[in-house]
Amino acid sequence: MNNPRIPFQIASKRPKLIPPSGKRLMVHLVVNVEHWQFDQPMPRKLLTAPQGIEMTPDVPNYSWAEYGMRCGMPRILRSFQERSLPASVSINASVINAYPDLADEILQADWEFIGHGIHQQSIQAEKNEAETIRLALSMIEKFTGKQASGWLGPGLKESEHTPDILKSLGVEYVFDWVIDDLPCWMDTKVGPLMAMPYTLELNDSVIYAVEKHSSKEIYNRVVDTLKIIDREIDDQPQILTIALHPHLIGVPHRFYYFEKILDELQSRDDSLFMTAADIADWFKDQSPPPGKQRDDN
């Protein structure tokens, strides 16, 4: 079975797009802010239990994540504020109640809120997926005063019905389909849904928690990624997405290299930092959803 949602298209055959504000490198910073429940098995483990006997509560692995909320997030917020950088936050909706001071800080920073489930738990484990998504979106809207336009599934997991549910609830773009450097239109039962570019390669969770690389690895990957992007960027504008988790990128020995990334990206004369909503608006203008015509007026 081929991709059931997004028709295959070779990247080199895509129609040429006009870069926003003449900037060919769009940089998208996505910060994943999650609620790991103290009385539940942890979504991921840094430290295994002696003799492999895993029980709850799991204090060391819970603490690993909460350090990011207490210490990593202030570093990220301050760094972005000092550089006047926009960001998208994919947020477990229960963060709003579990960490109210932090949620307020993110709101005041004017980051774009992206739906990311209620807790850090795969949507496939939910008994009523549609109700879980509806509740998560409702909690975000109540807190921010705005409907969340985007969705990133916890662990990027989906059921076969997820895109249809998201579209029916007013979501405009989803990050789970990591198939292209640019947005794509996907099919749902209730109309087209945008697949927003995300990343598993420039993703601190993969780099540090899964592959367990040294602190400088994310910087090295961005530098090497740009070497190839710079070959291709005259033919087609590119989106550079960097996926972040405060308990991983927010520790001091990694954060030093992350700030080097930000400074080098800002120093380019062809870069533009954007939120998911900015990218979606740009792409919809350049490539309207199937069945609609571009409005050049």
For the stretch 1-67, give the magnitude of the charge dipole about the Cα centre (Cβ charges: +1 Lys/Arg, -1 Asp/Glu; no others), in debye to the nearest 20. 980
Normalised per residue, the volume of the convex hull around the Cα set of the stretch 161-297 (Å³): 137
Using +1 on the beta carbon of Lys and Arg, -1 on that of Asp and Glu, and nothing else charged, what's the dipole of the stretch 1-148 about the Cα centre, debye to 20? 1020
Quick one: Debye curve from the C-alpha atoms of the stretch 69-215, no solvent, what's log10 I(q)/I(0) at q = 0.09 Å⁻¹? -0.29
Could you order the peptides 60-69, 165-174 from most to least packed, using the average number of other C-beta atoms within 10 Å per residue? 165-174, 60-69
If I140, I114 are placed from fewest to most neighbouring beta carbons inside 10 Å, the sequence is I140, I114
Tell me, how many Å apart are the Cα centres for the stretch 222-297 and for the stretch 8-36? 5
For the stretch 18-286: span of alpha carbons on each principal axis (Å, largest first): 54, 45, 34
Could you state the number of Å between the C-alpha centres of the stretch 95-164 and the stretch 74-91? 19
Give the order of W282, W151, W36 when sorted by the count of other beta carbons within 10 angstrom, beginning with the fewest. W282, W36, W151
Can you give the alpha-carbon Rg of the stretch 83-165 over 2.2 N^0.38 Å, where N counts its residues? 1.08
Dipole magnitude of the stretch 141-297, debye to nearest 20 (Cβ charges: Lys/Arg +1, Asp/Glu -1, about Cα centre): 560
Mean separation of Cα contacts under 8 Å, 6 or more apart, over the residue count of the chain: relative contact order %: 27
What is the percent of Cα-Cα separations in the stretch 1-48 that go past 16 Å? 73
Neighbouring Cβ atoms within 10 Å as the yardstick, rank Y219, Y256 fewest first. Y256, Y219
If we count every other residue with Cβ under 11 angstrom of D263's Cβ, Lys/Arg +1 and Asp/Glu -1, where does the sum land? 0
All lysines inside 30 Å of K142 as judged from Cα atoms, apart from same-chain residues fewer than 8 positions distant: K127, K157, K167, K189, K284
Measuring from label point to label point, each 7 Å out along Cα→Cβ, what is the A11 to I228 span in nm? 0.6
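We did not get these values from a lab; they are worked out from the coordinates using the rules stated. Fair warning: this is a prediction, and the values are worked out from it, not measured in the lab. As a convention, Cβ positions derive from the backbone with ideal geometry for all residues, glycine included, and neighbour counts pool all protein chains shown.
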